[in-house]
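Bear in mind that the values in this text are calculations on the coordinates, not laboratory data. None of these values were measured; they are calculated from a predicted model. We place every Cβ from the backbone using ideal geometry, glycine too, and count neighbours over all the protein chains shown.
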Amino acid sequence: MFRLMKKNLLFLFLFLAVTAHAGYAAGFDLKGLQPLAPYGVFSTFGAESLKQGRFGIQLGFEKSRQPDYYRFTNQFAYGITDNIEFDLTLPYVLNENRSGDGFEDLSLGIKHRFFEEGKYGPSIAYIISASLNSGKSGFSTEGSIGGGIILTKRVGPVTGHVNVLYFRPGTDKFTDDITFAAGLDFAAAHNFKILAELYAKKSYSGKVDRLEARFGYRILTAENLYTTLGAGFDLKNRSPEYRLLLSLTYLFPPEKKKIKKIFEQEE
């Protein structure tokens, strides 16, 4: 287990070293609260969540082109009950000349699945989130508050998710943030999923209307260890032209597998 974790971390740092050609970070979209794998696609939340008492940590990396920057995303999630999850996201932005380095606002949220998936209907959850005014100037909206609705439906090997989210910034200098996200994951194998996502966003600045398609895959690298790799392409403004996405997620404690005992009756 630890050898596999070290192998994945080594891969992450090598990936950073190769792609770390960044410039000024102005104009990029703020990250905000993000889903923990495998309970989402890239930025699209799924209605499913961690079981009670389980928690997960995730280290993410993002490299963007035009504007050029790269970002680490630190995440934590905890299952309060089987259908209520606490989430935390703290991004950090870097660029080559180090003039624009800094944290974004710390985002906290609660996701509550209040309707379970039926034969025809989806599972439904809502999310309530707030960001603390903790980021560097230029990476902060002086806090925010908001939330939204999450729908998830599984049809065979394909699971689809739809999110509608609204956030109000902590200052009148910015406009409200509205996000629509739709994604799916296709279980191509027991430990391998193909991911696709459409992400549309009217950002806090009021100037960046984002419409982005993202594609990638997720591998169950080891027990409770997920590796997600993908790329996003802007369909409207070409800003950014593309972004590369990589994350490592570890969930613990491991779930206990139920062993079914079969007894044969002697005749």
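For the reader, a short list of remarks on this structure follows.
- Counting only Cα atoms, the size of the stretch 2-252 along its three principal axes is 50, 43, 34 Å, in decreasing order.
- Between LYS119 and ALA188, the distance separating the two model label sites (each 7 Å from Cα on the Cα→Cβ line) works out to 3.4 nm.
- Annotation note: trypsin sites (Lys or Arg not before Pro) in the stretch 115-196 located in DSSP loop regions with a Cβ neighbour count of at most 11 within 10 Å are LYS119, LYS173.
- Rh by Kirkwood over Cα pairs, then Stokes-Einstein D for the stretch 27-103 at 0.692 mPa s and 37 °C, µm²/s: 242 µm²/s
- Remark: for residue pairs LYS153/LYS193; LYS111/LYS136; LYS51/LYS119, the C-alpha separation exceeds 20 Å in LYS111/LYS136; LYS51/LYS119.
- Across the stretch 61-69, rounded Karplus estimates of 3J(HN,Hα) from the backbone phi angles (6.51 cos²θ - 1.76 cosθ + 1.60, θ = phi - 60°) give 9, 9, 10, 10, 10, 6, x, 8, 6 Hz, Gly and Pro being marked x.
- Modelled this way, with points 7 Å down the Cα-to-C-beta line, the labels at LEU94 and LEU59 are 1.1 nm from one another.
- Here the Karplus curve 6.51 cos²θ - 1.76 cosθ + 1.60, taken at θ = phi - 60°, turns the phi angles of the stretch 162-172 into couplings of 10, 10, 10, 10, 9, 9, 10, x, x, 9, 6 Hz, with x standing for Gly and Pro.
- Sparsely packed loop sites in the stretch 63-162 (the chymotrypsin sites (Phe, Trp or Tyr not before Pro) outside DSSP H, G, I, E and B with at most 16 other Cβ atoms within 10 Å) comprise TYR120.
- Length released on extending from ILE178 to ARG238, taking residue separation times 0.36 nm less the Cα-Cα span: 19.7 nm
- Expected-Rg normalisation [2.2 N^0.38 Å, Cα atoms] applied to the stretch 60-151: 1.35
- Under the Karplus curve 6.51 cos²θ - 1.76 cosθ + 1.60, θ = phi - 60°, whole-Hz ³J(HN,Hα) for the stretch 29-40, x wherever Gly or Pro sits: 7, 6, 6, x, 5, 10, x, 8, 5, x, 8, x
- Residues in the stretch 176-218 reached by a label modelled at ARG154 [backbone nitrogen below 20 Å; 7 Å Cα→Cβ]: 182-197, 217-218
- Listing THR44, THR159, THR89, THR221 from fewest to most neighbouring C-beta atoms within 10 Å gives THR221, THR159, THR89, THR44.
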